[in-house]
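The values are calculated or read from the model by the stated rules, or taken from the named source; none is laboratory data. Bear in mind the structure is a predicted one, so any value in this text is a computation, not a measurement. Don't worry about glycine lacking a Cβ; one is built from the backbone with ideal geometry, like all the others, and counts go over all protein chains shown. Calculation scope for accessible area: heavy atoms of the full protein, side chains included, ligands and nucleic acids excluded. Shrake-Rupley method; radii C 1.70, N 1.55, O 1.52, S 1.80 Å.
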Amino acid sequence: MSTPAISVRGLRKSFGATPVLDGIDLDVARGESLVIVGGSGTGKSVLLRCILGLMRADAGTIRLDGQDATGGAPEAFLRRFGMLFQGGALFDSLPVWRNVAFRLLHDGMPPNEARARAVAALAAVGLSGRVADLYPAELSGGMQKRAALARAIAARPSVLFFDEPTAGLDPILATVINRLIREQVTALGATAVTITHDLTTVRMVADRVALLHDGRLRWTGPVSAFETSDDPHVAQFITGRADGPIATLR
Amino acid sequence: MIRLLARIGAPALGLLAVTGRLAIFTARTLSHLARPPFHGRELGRALFQIGWLSLPVVGFTALFTGGALALQIYAGSDRFGAQEAVPQIVAIGMVRELGPVLVGLMVAARVTSSIAAEIATMKVTEQIDALVTLSTHPLKYLVLPRVLAATLVVPALVAVGDVIGIMGGWIVATERLGYVSGPYLRSSLDFLERVDWISSLVKGGVFGFLCALLGCWFGMTSGRGAMGVGRATKGAVVAAAIAILAANLLLTEAFFAA
C-alpha cells in the first residue's frame, strides 16, 4: 500500500479544560476525496488547522506525504497545496486576479502570464474576466466563494482542503460550488479533504466520509455506505433528530 | 500581604511576558530583512499609505501648532521683554520637540490604528491563515514592509512638519504680532544647529518604527470578532502614544543632556 498523502495518529487538542480532539487517527490516500462531517463546534476546523500547523496540537503525530509535519506543514507540501476557507479569506487589498494568482506571482511568474492563468481559473469556476479587476468587497458572497475556489486551484495543487465550502450559500449556489469542487478535484487528480455539515456536499464531493463527534472519529467509510449505516451517530446526523448520541446542548 | 504581592506581581509578570514576546516578534520581523523574497509592492504601498497620505494631517497639525506656539511664546516673553527670542524659541521648540512628537502622535492616530485594525481584521477573517497556506510568511509580507516604510518615511514627515511648524509661527508672527518677515526667518534658521535637525529626524525614525511595530503587533495578536479588532486598535494607539513619549524622553536625554 502506498504512503497516504495525509496520516494523523493520536491527535489531541484541548482549549483549557475542554478537549476538542481526543485521539484522532486518520489516513487520506492519494487522489481520495475525504469529507469530514460533524455538528457545529465539534472540532472539524481545529483538525484541519492542526494538520496545516496553523494550530499546535497537544499530542499526536501528523505526516504529510510520509514526512513528519507535527510542527507545521513543510514548505514542499504547501507549495502544491490549495485551500478554500469558510469565508473565502480573499485579501481585501488586492484585486481579484492578484488574489487568484497570488501563489503564481509569489513563485515569480511574470504578471501578464499570471493574470492569464488567473482569468482561466476564474472561468473554470464560472466567473467572467470582468471580475478580475474588481476588489473582493465588490463581489457578492457567492462570487467571493468562487473566486476563493479559483485561488485554491490556480496553481494546480495536488492537495486541496475545503472548509465549509457551502456555508452561507443558498441551495442552488451550494450545488454549483459542490459541483465545481468535484470537477476540479477530479480534473486535478488531487487529494481532497472537505469539512462540512452539509449532506449535499457529502453526496456530491466525497469518496469516503468520516464523522467527528466528541473529539473522535465515530465512523468512517465509503460514501455509498454512509446513508445506509446503522451507526447511531451517523443515523442521527443524517436524520437531524434532536434525540440520540449526539447531544444538542454543547 | 501575600495577596497584595500577588496583585502587584501578576501584572508585572504579565508585562514582562508581553515585553519578551514583543522583543521576539521584533527580532523575527527584522530577521526577514536578510531573507528573500522581498515584497517591494507591499513596501511601496506602505510608503504611500504612511507617508504621502499622512501629509495633510501632519501639515495642518504643524501649521496650527507653530502658530499657537508663536502666540504663546510672544505672550510669555512679553512679561520680561524678550520678544526678540520668539523666532528662535518657536524654531527650536518645533524642531527638537513638537515637530517629532506631534508627527509621531498623528502617525500613531492615523497609521497605527489603521495597521492594527487592518491586520486584526485579516486575522479574524482568516486572511493571515490564507497567507500561510500560500507559502507566504505573514511577518515578511505584512509586518516588515510596514515597519520598514514607517521607519523610512516618518523622518521625512517630521522634516516637513518642522518646516511647516516654523512657517506657521512665521505667519502668525508677521501677520498678527508685527514681526518683519526676513529677519524673523533668518533668526529662526540661523539659530538652529545641525544636532537639532539630526535629533528631529532620528526621533522621527524611532517613532515611525514604534508606530508600525505596535500596530502590527496588536493586529497580529488580536482577539476574535469585532470586539477583538476594536481592542487591538485601541491598545495599539495607546501603546504607540506612550512609547513615543517615553522614547522622546530617552532620545532628548541622549541628544541634549547637559
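Listed values, structure above:
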| quantity | calculated |
| --- | --- |
| Selection within region A:8-26 - open to solvent by 20 Å² or more (accessible area, probe 1.4 Å) and closer than 15 Å to A:Leu52 by Cα | A:Arg9, A:Arg12, A:Lys13 |
| Sole exception among (1) in contact (Cβ under 8 Å) with a residue 40 or more places away in the chain; (2) open to solvent by 30 Å² or more (accessible area, probe 1.4 Å); (3) facing another protein chain (nearest Cβ under 9 Å) for A:Leu54, by number | (1) |
| Which numbered condition A:Arg30 misses (of (1) in contact with a strand residue (DSSP E or B) (Cβ under 6 Å, 6 or more places away or on another chain); (2) under 17 Å from A:Arg218 (Cα atoms); (3) not aromatic (Phe, Trp, Tyr)) | (2) |
| Residue among B:Ile171, B:Ile198 that is more than 22 Å from the chain's Cα centre (by Cα) and open to solvent by 60 Å² or more (accessible area, probe 1.4 Å) | B:Ile171 |
| Answer residue from region A:63-117, given it is of a type in the set (Asp, Glu) and under 20 Å from B:Pro138 (Cα atoms) and is modelled with the lowest pLDDT among those | A:Glu75 |
| Selection count where residues are open to solvent by 30 Å² or more (accessible area, probe 1.4 Å) and under 22 Å from B:Ala27 (Cα atoms), scope region B:218-240 | 4 |
| Among residues of region B:114-140, those that are of a type in the set (Ser, Thr, Tyr) and open to solvent by less than 20 Å² (accessible area, probe 1.4 Å), counted | 3 |
| Whichever residue in region A:100-114 is buried (at least 16 other Cβ atoms within 10 Å of the Cβ) and in contact with a Leu (Cβ under 9 Å, 6 or more places away or on another chain) and, among such residues, is nearest to A:Gly88 (Cα to Cα) | A:Val100 |
| Selection status of B:Gln88, at pLDDT below 90, surrounded by 14 or more Cβ atoms within 10 Å (Cβ to Cβ) and in contact with a Phe, Trp or Tyr (Cβ under 7 Å, 6 or more places away or on another chain) | no |
| Out of A:Gly215, A:Gly244, A:Gly240, sole residue that is at positive phi and buried (at least 19 other Cβ atoms within 10 Å of the Cβ) | A:Gly215 |
| Candidates B:Thr174, B:Thr133, B:Thr121 - the one that is within 14 Å of chain A (Cβ to nearest Cβ), farther than 21 Å from B:Phe25 by Cβ and touching a helix residue (DSSP H, G or I) at 6+ places or on another chain (Cβ under 9 Å) | B:Thr133 |
| Of residues in region A:100-140 being within 13 Å of chain B (Cβ to nearest Cβ) and within 21 Å of the chain's Cα centre (by Cα), the one nearest to B:Arg41 (Cα to Cα) | A:Phe102 |
| Hits in region A:84-99 (condition: open to solvent by less than 20 Å² (accessible area, probe 1.4 Å) and either over 14 Å from the mean Cα position of the chain (by Cα) or within 9 Å of another protein chain (Cβ to nearest Cβ) (or both)) | A:Phe85, A:Gly88, A:Ala89, A:Leu90, A:Phe91, A:Leu94, A:Pro95, A:Val96, A:Asn99 |
| Residue list for region B:141-164, filter: within 11 Å of chain A (Cβ to nearest Cβ) and surrounded by fewer than 24 Cβ atoms within 10 Å (Cβ to Cβ) | B:Tyr141 |
| Conditions (1) more than 14 Å from chain B (Cβ to nearest Cβ); (2) surrounded by fewer than 16 Cβ atoms within 10 Å (Cβ to Cβ); (3) closer than 26 Å to A:Ala121 by Cα: number failed by A:Ala76 | (1) |
| Strands (runs of 3 or more DSSP E) (entirely within region A:126-238) containing at least 1 residues that are hydroxyl-bearing (Ser, Thr, Tyr) | A:191-196, A:216-222 |
| Subset of region B:203-232 (residues that are under 21 Å from B:Leu144 (Cβ atoms), part of a helix (DSSP H, G or I) and in contact with a Phe, Trp or Tyr (Cβ under 9 Å, 6 or more places away or on another chain)) | B:Leu213, B:Cys216, B:Trp217, B:Met220, B:Ala232 |
